[in-house]
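Peer 1: Mind looking over this structure? Questions follow.
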Amino acid sequence: MNLQLSDIVIVLILSVGIYAWWRNTSIREQALTSTKKHCESLNLQLLDDSVAGAEWRPIWSQGQIKVRRSYKFEFSSSGIARYQGKVTYLGNRQVEIWLSPHDF
């Protein structure tokens, strides 16, 4: 079997792409779980049971390159009005969860 450099590069790029997709999916699931728990603890309803990717940006943090991911979601306190929220991850660690002002 003859492998050329282009074959190795293609396999490497494909592998990196699959790993990035898998990692992003894993962190998105973490974001959904933590958002559900946060909304339940505040007696809020997470609408559509989903989070949507809002931002993906590599940054320099503590001497390492990490990916900062933000996910938006909608919640309700009354079941009628919709409010925006945002959860932010740095690497695989949640760093912030923000809820827009809402009625109780």
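Peer 1: Looking only at segment 51-68, filter to residues that are of a type in the set (Gly, Ala, Ser) and in contact with a strand residue (DSSP E or B) (Cβ under 7 Å, 6 or more places away or on another chain); which one of those is farthest from residue 30 (Cα to Cα)?
Peer 2: 61
Peer 1: Could I ask something else about it? Would you confirm, using the coordinates I've provided, whether residue 19 is surrounded by 10 or more Cβ atoms within 10 Å (Cβ to Cβ), within 15 Å of the chain's Cα centre (by Cα) and of a type in the set (Ser, Thr, Tyr)?
Peer 2: It is false that residue 19 is surrounded by 10 or more Cβ atoms within 10 Å (Cβ to Cβ), within 15 Å of the chain's Cα centre (by Cα) and of a type in the set (Ser, Thr, Tyr).
Peer 1: Here's another thing I want to ask about it. Would you mention how many residues in segment 54-84 are of a type in the set (Gly, Ala, Ser) and in contact with a Lys or Arg (Cβ under 7 Å, 6 or more places away or on another chain)?
Peer 2: Total satisfying the criteria: 3.
Peer 1: Go through segment 70-104 and count every residue that is of a type in the set (A, V, I, L, M, F, W, C) and under 17 Å from residue 53 (Cβ atoms).
Peer 2: Residues meeting the conditions: 6.
Peer 1: Right, residue 82: surrounded by fewer than 10 Cβ atoms within 10 Å (Cβ to Cβ) and among the charged types (D, E, K, R) or not? Give the steps one after another, and end with the answer.
Peer 2: Working: surrounded by fewer than 10 Cβ atoms within 10 Å (Cβ to Cβ): no; among the charged types (D, E, K, R): yes.
Criteria not met by residue 82.
Peer 1: Go through the residues of segment 57-65 one by one and say whether even a single one is surrounded by 13 or more Cβ atoms within 10 Å (Cβ to Cβ), modelled with pLDDT of 90 or more and within 17 Å of the chain's Cα centre (by Cα).
Peer 2: The answer is no, given that none of the residues of segment 57-65 is surrounded by 13 or more Cβ atoms within 10 Å (Cβ to Cβ), modelled with pLDDT of 90 or more and within 17 Å of the chain's Cα centre (by Cα).
Peer 1: Still on this structure, I have one more. Using the structure shown, decide if residue 41 is out of contact with any helix residue (DSSP H, G or I) (no Cβ under 9 Å at 6 or more places or on another chain), of a type in the set (S, T, N, Q) and free of Cβ contacts under 8 Å to residues at least 40 places away in the same chain. Walk me through it before giving the result.
Peer 2: Working: out of contact with any helix residue (DSSP H, G or I) (no Cβ under 9 Å at 6 or more places or on another chain): yes; of a type in the set (S, T, N, Q): yes; free of Cβ contacts under 8 Å to residues at least 40 places away in the same chain: yes.
Considered against the rule, which asks whether it is out of contact with any helix residue (DSSP H, G or I) (no Cβ under 9 Å at 6 or more places or on another chain), of a type in the set (S, T, N, Q) and free of Cβ contacts under 8 Å to residues at least 40 places away in the same chain, residue 41 comes out as yes.
Peer 1: Could you list, in sequence order, all residues of segment 70-99 that are more than 11 Å from the chain's Cα centre (by Cα) and of a type in the set (Val, Ile, Thr)?
Peer 2: Initial filter on segment 70-99 (more than 11 Å from the chain's Cα centre (by Cα)): 74-85, 95-99.
Answer for segment 70-99, where residues must be more than 11 Å from the chain's Cα centre (by Cα) and of a type in the set (Val, Ile, Thr): 80, 95, 97.
The values are calculated or read from the model by the stated rules, or taken from the named source; none is laboratory data. Quantities reported herein were computed from a predicted structural model and do not represent experimental measurements. No Cβ is skipped: glycine too gets one built from the backbone with ideal geometry, and neighbour counts run over all protein chains shown.
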